[in-house]
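Trainee: Okay, here's the structure, questions in a sec.
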Amino acid sequence: MNEDITNISWRAPSNIALIKYWGKRAHQLPDNGSLSISLEKTSTTTTLSFKRKLRLEKNISFEYYFHGNRHLRFEKKTERVLNDLIPKMPFLTDYELVFQSENNFPHSAGIASSASSMSALALCLVSMEEIVNRKKLSKDPFFQRASFIARIGSGSASRSVYGGIVSWGNIPFIDPSSDDYATPYLIPKDSRFHQLMDIILIVSSKEKTVSSTSGHALMNDHPYREGRISQANSNMSKMTNAIRNDNYQLIGTIAENEALSLHALLMTSSPEGLLLKPNTLHIIEAIKSFREITGLDLFFTIDAGPNVHLIYFEDQRDSVLPFVQDTLTQFCEDGQWIDDKIGNGPELLTHEIEF
């Protein structure tokens, strides 16, 4: 490529929420706080190439490629995000931009692909901002800025700019916390949470019938909206207490309640948004039965889609893997499942540019 073209690449993880954010108000702010686990392997890699325009214009000039092919639908969504960002990043109109993105998991299937893709995009933009302004940010301000920018594209993306356990939303008993950006939720070094594993059971890799954006909009006039906000706030308080007290049985109970509540809200929306499949329910029942027989500290959660996350701990792996292979894969599309675990967060794949 020409010398006047600069390339930046970031890999950002998907995340799975234990406390779900569902419903939002103006400017991508959440109706309730949320808490998620950032994954290690399930990720999006995005490369941003940019060069200064020969003739300055006030409009955004860019292209978006997904797995090497121009993707007009993703491009249209990205265009809306970039236009929303112009007041916050006015330099964007001075450059020609090309985004090249790849997922290592199915997109738009309820595995938080918008979280990983928008966080990777935001990280690229904040790195670009550093270069354009010739001002290097220290670590904490950089990732807080990236979380703020990612939220404009996808609320859950604000959490994917961090590893480990992450909160988002103005939560009175979590300090610091904010509706504007996510915050790492610190856990002790000896916590068993560092052993968290996640097996993602692919019931369907097809694009879901109700997008997350549409699903959030369904909450605006939902008759259970206020009750859901109250439930989420109560569950957040119980979950953080359970984490502090290493009460893994309660952690699992709350996480499962959150997952089923999310889908209950979808199914009672108008128009309804039934995303669960028969095999989703078969997997849930099998996990419950296996837990009752073995007494293991494992549980399920589900995002806004049909696919199931089986959360367990590394010291249980020898018992869990045969159960997955012998019992659960029969309910998965072509036997597909993803073997993942709690991760350390995004990774810059290109060399930092000195200026």
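Trainee: Looking at the range 247-259, which of its residues are touching a residue at least 24 places away in the same chain (Cβ under 8 Å) and either surrounded by 13 or more Cβ atoms within 10 Å (Cβ to Cβ) or basic (Lys, Arg) (or both)?
Mentor: Within the range 247-259, TYR248, ILE251, GLY252, THR253, ILE254, ALA255, GLU256, GLU258, ALA259 meet the criteria.
Condition check ((1) part of a loop (DSSP other than H, G, I, E, B); (2) out of contact with any Leu (no Cβ under 9 Å at 6 or more places or on another chain)) across all residues:
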| site | (1), (2) |
| --- | --- |
| THR45 | no, no |
| PHE50 | no, no |
| LEU56 | yes, yes |
| GLU63 | no, no |
| PHE74 | no, yes |
| LYS77 | no, yes |
| ARG80 | no, yes |
| ASP84 | no, yes |
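Trainee: Which one of PRO188, PRO176, PRO172, PRO184 is exposed (fewer than 15 other Cβ atoms within 10 Å of the Cβ), of a type outside the set (Phe, Trp, Tyr) and touching a strand residue (DSSP E or B) at 6+ places or on another chain (Cβ under 7 Å)?
Mentor: Being exposed (fewer than 15 other Cβ atoms within 10 Å of the Cβ), of a type outside the set (Phe, Trp, Tyr) and touching a strand residue (DSSP E or B) at 6+ places or on another chain (Cβ under 7 Å) holds for just one of PRO188, PRO176, PRO172, PRO184, which is PRO176.
Trainee: Any residue in the range 130-153 that is under 13 Å from the mean Cα position of the chain (by Cα) and surrounded by fewer than 19 Cβ atoms within 10 Å (Cβ to Cβ)?
Mentor: No, the conditions are met nowhere in the range 130-153.
Trainee: Determine the pairs where a residue that is buried (at least 19 other Cβ atoms within 10 Å of the Cβ) and modelled with pLDDT of 90 or more, located within the range 197-215, has a partner that is part of a helix (DSSP H, G or I) and among the hydroxyl-bearing types (Ser, Thr, Tyr) with Cβ atoms under 6 Å apart, the partner being 6 or more residues away or on another chain.
Mentor: These pairs meet every condition: VAL203/THR280.
Trainee: In the list PHE142, PHE105, which residue meets the criterion of being free of Cβ contacts under 8 Å to residues at least 40 places away in the same chain, among the aromatic types (Phe, Trp, Tyr) and more than 19 Å from ASN83 (Cα to Cα)?
Mentor: Of the residues listed, the single one that is free of Cβ contacts under 8 Å to residues at least 40 places away in the same chain, among the aromatic types (Phe, Trp, Tyr) and more than 19 Å from ASN83 (Cα to Cα) is PHE142.
The values are calculated or read from the model by the stated rules, or taken from the named source; none is laboratory data. On a predicted model such as this, the values are computed, not experimentally measured, just so you know. All Cβ positions, even for glycine, are placed from backbone atoms using ideal geometry, and neighbour counts span all protein chains on display.
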